[in-house]
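Here is the structure we will look at.
The values are calculated or read from the model by the stated rules, or taken from the named source; none is laboratory data. From a predicted model like this one, the values you see are computed outputs, not experimental measurements. As a convention, Cβ positions derive from the backbone with ideal geometry for all residues, glycine included, and neighbour counts pool all protein chains shown.
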Amino acid sequence: MNSASGDNTNNKAGTMEYDKTMYKKPSAAEKKNHLAGRINLFQEKVNHTRQPSPGIIEHQVDKHHHEIVDESLMNEMRNLSQLVKDNGLQGDYAIQIKYDDLVNICKNTMNNDKLNDLLLKTRKHGYIQFSGDTLNEDVNIKLIKVPY
């Protein structure tokens, strides 16, 4: 029996040595090199600065990530919102006015093209809302918020 148990201990020892060589953990130097390589790739990505293409104009943005608007355009948007506020009707959650009524109010101060351009810019900045891209007499213009 002793010989049988001795064989088992030899097999266990042999198996353990086999397991140690088969499932060898990577050494600390291999881990360090692998980590160093990943850090180098990360540093390359961080340090890589990409120049904007000349065709793209970068918009100026303030500290709250809002696009900086020209003061004259802001004044025109304020005047337009005041016109809608004064002459519009209270609707669902917003003051609204028909486009045709707004054209009649503004016909002495600006032409239709300038009014349409101003309406599109004001909608782009989120102060008014209307459906569609074309403005006709049936479109309701809603004042969402007043420019500050």
Next on the checklist: So for the range 80-96 (the condition being surrounded by 15 or more Cβ atoms within 10 Å (Cβ to Cβ), touching a Ser or Thr at 6+ places or on another chain (Cβ under 9 Å) and part of a helix (DSSP H, G or I)), does at least one residue qualify?
Outcome noted: yes
Next on the checklist: Of the conditions (1) of a type in the set (A, V, I, L, M, F, W, C); (2) at pLDDT 75 or above; (3) part of a helix (DSSP H, G or I), ALA29 satisfies every one except a single condition; which number is it?
Outcome noted: (2)
Checklist entry - In the range 39-79, what residues are at pLDDT 60 or above, surrounded by fewer than 10 Cβ atoms within 10 Å (Cβ to Cβ) and basic (Lys, Arg)? => result LYS45
Checklist entry - Which of the residues that make up the range 97-122 are among the charged types (D, E, K, R), at pLDDT below 90 and closer than 14 Å to SER81 by Cα? => result LYS121
